[in-house]
Amino acid sequence: MEIDFREIDPKLRYKLLISTVIPRPIALVSTRGSEGTDNIAPFSFFNVFGEDPPLVVLGLQAKEPGSLKDTTRNIHITNEFVIHLVDTPMAEAMNNCAIDFPKNISEFDIVGLTRAECRHVNVKRIKEAPVALECRRTIMLQLNETRDLCIGEVIYMHIKEGIIDPNTMRINLDEYDVVARLFGDLYASLGKPYPLKRLTHKEWLTKQEIN
């Protein structure tokens, strides 16, 4: 099957992309509005983009042309946001944060998540989140009337106790029950991981000779 993306409707492009590029991490993003309201919203067009500088990328979509979502508007105004990774115990609350609540109502007060202080940004983080990344906007690109691309720098990380070994700085996957986004109403757990060793060229040649 061959599909020319230049010849199909954006809604179909969206359907094809989100159902094939899986699993995707979920960014549960908290921001603060100019009037002081704490906002939380989930985004599945998200990933880490590098370590020097430590960058994250968010794909932000408007409700309709000219109507920014609260997250996009707040980042434009304050340049600050917090990205939380989502685990199984907070998955339902994350999903409820996608409800289109009135602008003056904070998701913190509706879905059962707890405010916690950040160290370097004037945004509340989610206490229950296994990982929270305090971020400052590096650049915001408006790609069209409904799509913005936000690149932010991670300046501080909060990690729930037991997930990272403080001596080796290695992650304990048994304690990190992270949830991934699929498509439609579907989400997924990591499942059982398996190793694939990265070979040197010499090791690869030796393996070919053996086989």
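Structure summary
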read-out	value
Kirkwood-Stokes translational diffusion coefficient of segment 57-153, alpha-carbon pairs, 37 °C, 0.692 mPa s, µm²/s	229 µm²/s
Accessible carbon and sulfur surface of the chain relative to its total accessible area, %, 1.4 Å	53 percent
Lysine-lysine proximity count for the chain, Cα under 14 Å, sequence distance 8 or more or distinct chains	5
Reference-scaled alpha-carbon Rg (2.2 N^0.38 Å with N residues) for the chain	1.15
Gaussian network model of the chain, springs between alpha carbon atoms under 10 Å - residue of Arg137, Arg198, Arg147 with greatest fluctuation	Arg198
Heavy-atom accessible area per residue - the chain, 1.4 Å, Å²	65 Å²
Student exercise, the chain dipole from Lys, Arg, Asp, Glu Cβ charges, in Debye to nearest 20	280 debye
Computed over segment 133-204, the ratio Rg/Rh where both radii use C-alpha atoms and Rh is Kirkwood	1.09
Percent of Cα-Cα distances greater than 18 Å, calculated over segment 88-211	72 percent
Kirkwood hydrodynamic radius of segment 17-80, Cα pairs, Å	13.1 Å
Size-normalised alpha-carbon gyration radius of segment 58-101, reference 2.2 N^0.38 Å	1.33
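The values are calculated or read from the model by the stated rules, or taken from the named source; none is laboratory data. Being a predicted model, the structure only gives us computed values, none of them experimental. Here Cβ is always computed from backbone atoms with ideal geometry, including for glycine, and neighbour counts include all displayed protein chains. Remember, those area values only see protein heavy atoms, side chains included, never the ligands or the DNA or RNA. Shrake-Rupley method; radii C 1.70, N 1.55, O 1.52, S 1.80 Å.
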